[in-house]
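Q: Shown below is the structure under consideration.
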Amino acid sequence: MRPPLKASNIIPVITLLAVWQGLCSVGLIPSYKLPSPIQVARGFWDLLTLGMPPGHSLIYHILYSLWRVFVGYAAAMATAIPLGIAMGWSARLRNLVGPILEILRPIPPLAWIPIAILWFGIGIQSAAFIIFLGVFFPILLNTIDGVRSIDPVLIEAARTLNATDRDVFQKVLIPGAVPAIFTGMRIGVGIGWMTLVAAEFTGVRQGYGLGYMIMTARDIQRADEIVAGMLVIGLIGLSIDGALRFLERRLIRWR
Amino acid sequence: MSLDISHLSKIHEGDAEQSDIRIFSDITCRVETGRFLSIVGPSGCGKTTLLRIIAGLEPASGGQVLLDGEVVRGRDQRVGLVFQEYALFPWRTAIRNIEMGPEIAGVPPDERRAAAMQYIRAFDLNGFEHAYPKALSGGMKQRVAIARTLIMNPRVVLMDEPFGSLDSQTRNDLQNFLMTLWTRRKDTVLFVTHNVDEAVYLSDQIMVLSKKPTHILKIFDVSAPRPRDRTSRESNRVRKAILDLLAGPS
């Protein structure tokens with residue numbers, strides 16, 4: 001578990017920032033390569049107020065990126081969880097679908113970008129599809145594991161209480177697999193978020209997106225805005241993971 | 001409701017490399033309505049398999065199970081089973097474990113909650129109804145498991161070493177609890193145990209099984225009145241006879 005925010009956690013961060021600022025101030029690190037923390041803070045402020053490209057504020061970049069992740073993520077959950085439960089339950093389905101998935105799984109989501117652009121053009125569908133691919137497999141594999149790790153005696157206990165197949169699905173397999181599904185969702189959201197930024201490097205039609213934003217900043221040599229954008233991406237990833245952990249603790253108190 | 005087991009046998013079928021394994025054969029006995037019959041025998045003799053067949057969880061290789069003289073095929077709603085290691089649903093609280101059967105049967109929420117609450121009270125689980133199984137002691141878990149089975153009002157109750165993993169004091173308490181309960185309800189009970197003392201304390205009849213290949217060595221009647229004295233002369237006599245039989249040359 002992540003330790004709570006306390007002095008001993010903050011001190012190393014402050015030390016790092018101080019050393020970084022010091023090295024920049026004395027001129028050991030050129031600011032066009034790595035801007036100082038103060039410059040990064042100014043870059044962050046510019047991103048918020050002026051936007052990059054100008055007029056395109058950071059807030060909208062964040063919202064567009066979150067929306068793309070959400071669409072891809074929702075699609076992955078809607079398909080991977082039911083398929084995972086079915087595959088966890090039925091050895092026949094596992095043997096049927098498993099080999100196909102094993103061929104597709106090692107292909108990095110980013111390797112799908114060219115074909116995705118061919119299929120969907122540049123836009124939300126392409127980005128969402130790439131996210132979908134990144135998120136789908138962790139959720140699927142964890143769900144299958146979750147179902148298979150349910151003690152068979154629990155299924156038999158349900159049977160002796162006259163459960164039908166449908167009851168077993170709803171009242172044993174799904175609740176029993178929830179912890180593993182959550183693990184998959186947490187791994188998936190991390191991968192999805194990383195994949196998104198890369199997917200946005202290749203272009204976005206609306207002119208919004210965090211990946212697009214930092215690539216634009218690179219085009220005009222704004223290292224401060226690049227680093228500020230990177231930190232924003234990291235912090236959002238951390239927040240999403242934190243939110244999922246919170247949800248996990250609330251929903252799975254029985255563990 | 002009476003339970004008949006007629007020439008029941010179980011063989012694990014082998015394959016090219018392994019020959020068939022005979023678990024047990026020709027098990028025949030009758031549990032009269034409202035009687036308590038225990039099965040004792042060495043571990044690995046197929047006691048659990050026998051119960052699972054009667055519960056409809058696995059098929060027999062031969063023979064029949066009859067309820068009130070009618071042949072049962074597969075799972076029958078009138079037969080309830082209490083599992084060896086509680087088998088509680090860990091994601092459900094105590095009361096929702098007990099409610100599982102009525103919930104599956106489509107009993108409305110208020111009604112099933114009220115019914116489960118009666119079991120919570122009668123089974124001395126007050127204050128723990130909303131606890132998850134991980135927070136319950138072994139004795140409480142087993143009471144929840146018994147309640148979960150009995151709320152379905154099965155006509156025949158099968159119990160598979162229900163007290164096997166409890167410490168001896170808790171075990172004695174639960175045996176007394178079970179006896180009080182049974183004296184009131186008079187269910188037809190088939191109780192598997194490897195503990196001879198337990199069988200003598202609880203049962204009207206005790207079926208003693210042999211080592212593999214398993215068959216019935218003998219069926220004892222225990223006629224001592226209840227509540228029983230664990231150390232009475234009658235109890236000791238039956239206990240010795242069973243232990244001698246189990247230790248014997250078979």
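The values are calculated or read from the model by the stated rules, or taken from the named source; none is laboratory data. Please read these numbers as outputs of a predicted model, since none were measured by experiment. Cβ atoms come from the backbone with ideal geometry, glycine included; neighbour counts cover every protein chain shown. SASA here: full protein model, heavy atoms, side chains in, ligands and nucleic acids out. Shrake-Rupley method; radii C 1.70, N 1.55, O 1.52, S 1.80 Å.
Q: Write down the radius of gyration of chain B and its Dmax, each obtained from C-alpha positions, in Å.
A: 18.5, 58
Q: If Rh is defined by the Kirkwood formula over all Cα pairs and Rg also comes from Cα, what ratio Rg/Rh do you get for the stretch B:27-92?
A: 0.97
Q: Anyone know which of B:S61, B:S232, B:S43 comes out most mobile in the 10 Å Cα GNM of chain B?
A: The residue with the greatest mean-square fluctuation here is B:S232.
Q: Which value in Å is the Kirkwood Rh of the stretch B:88-153 over different Cα pairs?
A: Taking the inverse mean of 1/r over all distinct Cα pairs, the stretch B:88-153 comes out at 11.4 Å.
Q: May I ask you to derive the FRET efficiency for B:H12 and A:I115 from their Cβ-Cβ distance with R0 = 60 Å, giving the value to the nearest 0.05? Walk me through the numbers before you get to the answer.
A: Details: r = 51 Å, r/R0 = 0.86.
Approximately 0.70, to the nearest 0.05.
Q: Okay, next question. I need the phi-derived Karplus couplings for the stretch B:127-134: 6.51 cos²θ - 1.76 cosθ + 1.60, θ = phi - 60°, integer Hz, Gly and Pro marked x.
A: Calculated HN-Hα couplings, in order: x, 10, 4, 9, 8, 7, x, 4 Hz.
Q: So, one more: Could you tell me the calculated FRET efficiency between B:K212 and B:N176, based on Cβ-Cβ distance and R0 = 45 angstrom, to the nearest 0.05?
A: 0.85
Q: Here's a follow-up. Tell me what chain A gives for mean residue ellipticity at 222 nm when only DSSP H runs of n ≥ 4 count, each as -39,500 (n - 2.57), the sum divided by the residue total, rounded to 500 deg cm²/dmol.
A: Calculated at 222 nm, the ellipticity per residue is -25000 deg cm²/dmol.
Q: Sticking with this structure for a sec: As I understand it, the value is the acute angle between the Cα axis of helix A:124-148 and the longest principal axis of the Cα atoms of chain A; what does it come to in degrees, rounded to 10?
A: Compared with the principal axis, the helix lies near 40 degrees.
Q: Tell me, what is the 1.4 Å probe accessible area of B:H194, in Å² to the nearest 10?
A: Approximately 100 Å² for this residue.
Q: While we're looking at this one, here's another question. Quick one: work out the % antiparallel among DSSP beta bridges in chain B, nearest 5.
A: Around 50 percent of the beta bridges assigned by DSSP in chain B are antiparallel ones.
Q: Evaluate the distance, in nm, between pseudo-label points positioned 7 Å from the Cα of A:Y32 and of B:L245 along their respective Cα→Cβ axes.
A: The two pseudo-label positions are separated by 9.8 nm.
Q: Now a separate question. With all protein chains present and a 1.4 Å probe, how do B:L245, A:L47 order by accessible area, largest first? List each step's numbers first, then the result.
A: Details: B:L245 50, A:L47 0 Å².
Sorted descending by solvent-accessible area, the residues read B:L245, A:L47.
Q: Here's something else I'd like to know. Past 31 Å, Cα to Cα, is the threshold; run B:K134/B:K218; B:K186/B:K240; B:K141/B:K186 against it and keep the listed order.
A: Beyond 31 Å: B:K134/B:K218.
Q: Let me ask something additional. Is there a quick way to get the dipole size of the stretch A:62-251? I mean about its Cα centre, with the Cβ of Lys and Arg at +1 and of Asp and Glu at -1; what is the value in debye to the nearest 20?
A: 220 debye
Q: Against the 2.2 N^0.38 Å scaling, with N counting residues, where does the protein assembly as shown land? I'd like the Cα-based Rg ratio to two decimal places.
A: Here the answer is 1.38, to two decimals.
Q: Please identify, among B:G106, B:G46, B:G56, the residue showing maximal mean-square fluctuation in a Gaussian network model of chain B using a 10 angstrom Cα cutoff.
A: So, out of B:G106, B:G46, B:G56, the one fluctuating most is B:G106.
Q: Separate question: Where does the Debye-calculated log10 I(q)/I(0) of the stretch A:43-193 sit at q = 0.09, 0.16, 0.17 Å⁻¹, using only Cα point scatterers of equal weight, no solvent?
A: Debye output, listed in q order: -0.40, -0.90, -0.97.
Q: Please identify, among B:P213, B:P108, B:P227, the residue showing maximal mean-square fluctuation in a Gaussian network model of chain B using a 10 angstrom Cα cutoff.
A: B:P108
Q: Which aspartates and glutamates have a Cα less than 18 Å from the Cα of B:K10, not counting those fewer than 8 places away in the same chain?
A: B:D20, B:D26, B:E58, B:D160
Q: Calculated FRET efficiency, A:L16 and A:R205, Cβ-Cβ r, R0 45 Å, to nearest 0.05?
A: The calculated FRET efficiency here is 0.75.
Q: Same structure, new question: Report the label-to-label distance for A:E102 and A:I122 in nanometres (one decimal), using points 7 Å from each Cα along the Cα→Cβ vector.
A: If labels sit at A:E102 and A:I122, their model points lie 3.9 nm apart.
Q: Give me the distance between the Cα centres of the stretch B:46-74 and the stretch B:109-165, rounded to whole Å.
A: 25 Å
Q: OK, next. Tell me, how many Å apart are the Cα centres for the stretch B:172-250 and for the stretch A:100-161?
A: 54 Å
Q: Determine the percent antiparallel among the DSSP beta bridges restricted to the protein assembly as shown, to the nearest 5.
A: Antiparallel bridges make up about 50 percent of those DSSP assigns within the protein assembly as shown.
Q: Counting Lys and Arg as +1 and Asp and Glu as -1, what is the net charge of the other residues whose Cβ lies under 14 Å from the Cβ of A:A128? Intermediate results must be reported in sequence, preceding the final value.
A: Working: positive: A:R68, A:R205; negative: A:E200.
Its environment carries a net charge of +1.
Q: Take every residue in peptide A:158-168, count the Cβ atoms of other chains within 10 Å of its Cβ, and give the average of those counts.
A: 6
Q: Can you give the Rg to Rh ratio of chain A, both from alpha-carbon atoms, with Rh computed by the Kirkwood formula?
A: Rounded to two decimals, Rg/Rh equals 1.08.
Q: What does a probe at B:E70 reach in the stretch B:1-32, counting residues whose amide N is under 13 Å from the point 7 Å along Cα→Cβ?
A: B:1-2
Q: Mind checking the angle between helix A:223-251 and chain A's longest principal axis? C-alpha axes, 0 to 90 degrees, to the nearest 10.
A: 30 degrees
Q: Pairing the Cα long axis of helix A:58-89 with the longest principal axis of chain A, what angle in degrees results, from 0 to 90 and rounded to the nearest 10?
A: With rounding to tens, the tilt is 20 degrees.
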